[in-house]
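Working notes for the structure below.
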Number of protein chains: 2
Amino acid sequence: MAVDRDRFKDLLKEKGFKMTRQRLVVLEVLAENPEQHLTAEEIYERVKVENPDIGLATVYRTVQLLLELELIDRINLDDGFIRYEIGSIEEKEHHRYHHLICMRCGKVSAFQDDMLEALESGVREALGFQVIDHEVKLYGYCKDCLEKEHK
Amino acid sequence: MAVDRDRFKDLLKEKGFKMTRQRLVVLEVLAENPEQHLTAEEIYERVKVENPDIGLATVYRTVQLLLELELIDRINLDDGFIRYEIGSIEEKEHHRYHHLICMRCGKVSAFQDDMLEALESGVREALGFQVIDHEVKLYGYCKDCLEKEHK
DNA sequence: GTCTTTGCAAATGATTTGCAATATA
DNA sequence: TATATTGCAAATCATTTGCAAAGAC
């Protein structure tokens, strides 16, 4: 997934930000690793390969900016790190992926499902709460770990 | 919701732990504040009222112990704090509450709903992933904030 | 040239840990 | 008494921030 530089630049200008090499590179790393839920440190390591003089603080600042621009999503797997991944183009309504977290090997995978629509309208009617976004985490055992266990 | 001291003591002994005043008091604070999703610091403040000589580190250690004993649940609202609440007695299958988080006032409320059962069996069949537990967070605007906005 | 952004190092803040003193069984 | 637990203070560690230098437009 390649980054459209001009589009990115326009998006930045629109909000009064400037286009920099650092911002582009961070976005590119995330675009090249879809569904990889990288930590800031992991992004930093990958960015440093081609840009050894970038600072970790810049990665943190950039990631917050990209979040504001809604170009990336934030995921919290409760392991002490905040993780980031590029936002899916299909996510028109700004709905996040759901995550499957394996309790044995720690592997994380994502899937999409729209069945929460029903739940959300139910919540609106029963409790008067208007749902804008949701986050679902399913904990359990992945296919590989289940198969290993059966041997 | 009162704590059954003898039951708590037995549960501790079963795993080789000892019953202490501090552990009892922390559990009691959580039992007296159901669905309140307290941070360690908040638990500490409430515990200190009657036990001024307790340490914050003890609260942190106790909360981890209670988590191991599955007497309490952990909630992460992505605001930099880990929160805890007493486990519902009805939660036979160790399923957590779902949380509604207001994006305006920050209020958090909980609700229960079993509609994820269907999603979970679907995930099992389609992806071979066996779901043990789930966590759902719905972000949006609460009733009060919606009403204020309409004025 | 002006204003934003960066890199570095220092600060922050929630949580954890070492250890000697204390409490439990 | 033997072992687990506590309280305190110091350590940890991800993330944030101040500031002077460098970069974007």
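Read-outs: derived from the displayed coordinates by stated rules, not from any lab. Quick caveat: nothing in here was measured; it's all calculated off a predicted structure. Every residue, glycine as well, gets a Cβ built from its backbone with ideal geometry; the counts of neighbours run over all protein chains shown.
A point 7 Å from Cα along Cα→Cβ stands in for residue A:57, and the other copies hold the same point at 3.1 nm, listed in rising order. Only one residue of A:34, B:129, A:47 has its Cα farthest out toward the positive end of the dipole of the protein assembly as shown, where Lys and Arg carry +1 and Asp and Glu -1 on Cβ, and that residue is A:47. Dipole check for the stretch A:5-124: with +1 at the C-beta of Lys and Arg, -1 at the C-beta of Asp and Glu, and the Cα centre as origin, the magnitude is about 500 Debye. Computing Rg and the Kirkwood Rh from the Cα coordinates of chain B gives a ratio, Rg/Rh, of 1.03. Here the contact order of chain B, divided by its residue count and restricted to Cα pairs under 8 Å and six or more residues apart, works out to 18 percent. Working note: Cα gyration tensor of the protein assembly as shown, eigenvalues times five, square-rooted, sorted largest first, giving semi-axes of 37, 23, 23 Å. Only Lys, Arg, Asp and Glu carry charge here, each on its Cβ (+1 for the first two, -1 for the last two); on that basis the stretch A:1-59 has a dipole of about 380 debye about its Cα centre.
Most simply put, chain A has about 75% antiparallel DSSP beta bridges, counting only bridges with both residues inside it. Around residue B:147, under 15 Å between beta carbons, what's the net of Lys plus Arg minus Asp minus Glu among the other residues? Here the charged neighbours net out to +4.
Legend: mean number of C-beta atoms from other chains within 10 angstrom of residue C-beta atoms, peptide A:46-56, equals 0. The stretch A:1-54 and the stretch B:131-151 have Cα centres lying 32 Å from one another. Remark: B:82, B:43 ranked as B:82, B:43, counting other beta-carbon atoms within 10 Å and listing the fewest first. Rounded to the nearest 20, the size of the Cβ-charge dipole of the protein assembly as shown about its Cα centre is 1000 debye, with Lys and Arg at +1 and Asp and Glu at -1.
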